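Report on the following structure.
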Amino acid sequence: DVLIVGDFLAGADLPSFATLEGLVTGLRRRLDWASRSADPVAGSLPVCFTPSGSSALLLPLHLACLGKSALQGISPLADKLGTAWLDTSFSLSDAPLLDGRSGSRPLDDDGVPSTPLALIERGVPRALRYALATAGRAACPRPGHGATPPLVDPPAPARTTRVVHACPRPSVPP
């Protein structure tokens, strides 16, 4: 068994005593829950990934979708564009223009207009993400996905608002 319990608080000022008490109460509650065992339920169970959990699962795919990785010869997608590669129920796009999302932006950090980009459609890799510099080296007409990580220059290809599309699977008789 592995138990990982944590919490965090972000802010510019020192937290109040009540705020710290709230964090401690939450940690104690989770430790209490963890101290009791539950019998596993038999059968199929639904699975739901939180944003942080799905980020960890999608990280290798995110790195494979970088045009810079393809130019360096380390992306497994470099020679698979247009070829069935994943399950047909999986699609992934980068959507920098969605309203109200933290990753949304009209321009990337290169000053290029941001555009939605279908990276994988029904299991088929369709595009890679490029910043201006890597798009020029790859002769790619679609930059607009450059972001400057802290203390790094120039902008590098980066995701904005990741959208995973669940495509219905065809029913298969038992």
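Some observations on this one:
- Correct choice for Cα Rg over 2.2 N^0.38 Å that was computed from the model, options (i) 1.70; (ii) 1.20; (iii) 1.33: (iii)
- T19 contributes an accessible area of around 50 Å² to the protein surface, as traced by a 1.4 Å probe with all chains present.
- Global dimensions of the range 1-96 from alpha-carbon coordinates: Rg and Dmax equal 20.8, 57 Å.
- By accessible area, using a 1.4 Å probe on protein heavy atoms only, the chain has 60% of its surface on carbon and sulfur.
- Sequence of H145, H62 when ordered by accessible area, the most exposed leading, probe 1.4 angstrom: H62, H145
- Estimated purely from DSSP H runs of n ≥ 4, each contributing -39500 (n - 2.57), the mean residue ellipticity at 222 nm for the chain is -7500 deg cm²/dmol once divided by its residues.
- Compared with the direct C-alpha span, the chain from F49 to V2 gains 15.1 nm at full extension, assuming 0.36 nm per residue.
- Extending 7 Å from the Cα toward the beta-carbon at both T88 and R126 defines two label points whose distance is 1.6 nm.
- Principal-axis analysis of the Cα atoms of the chain puts helix 17-34 at an angle of about 90° to the longest axis.
- Average accessible surface for the range 1-102: 77 Å² per residue, computed with a 1.4 Å probe over protein heavy atoms with every protein chain in place.
- Between I120, A133, G100, the Cα set farthest toward the positive side of the dipole of the range 96-135 (charges on each charged residue's Cβ, about the Cα centre) is that of I120.
- Relative to one another, the C-alpha centroids of the range 1-55 and the range 76-127 are positioned 31 Å apart.
- Heavy atoms of V164: accessible area, 1.4 Å probe, square angstrom to 10: 80
- Relative contact order (%) - criterion: Cα under 8 Å, at least six apart; region: the chain: 20
- Folded to 0 to 90 degrees: helix 51-64 orientation relative to the chain principal axis, Cα: 30
- When the surface is traced with a 1.4 Å probe over the full set of protein chains, V5 keeps roughly 50 Å² accessible.
The values are calculated or read from the model by the stated rules, or taken from the named source; none is laboratory data. On a predicted model such as this, the values are computed, not experimentally measured, just so you know. Every residue, glycine as well, gets a Cβ built from its backbone with ideal geometry; the counts of neighbours run over all protein chains shown. Accessible surface areas use protein heavy atoms only, side chains included; no ligands, DNA or RNA. Shrake-Rupley method; radii C 1.70, N 1.55, O 1.52, S 1.80 Å.
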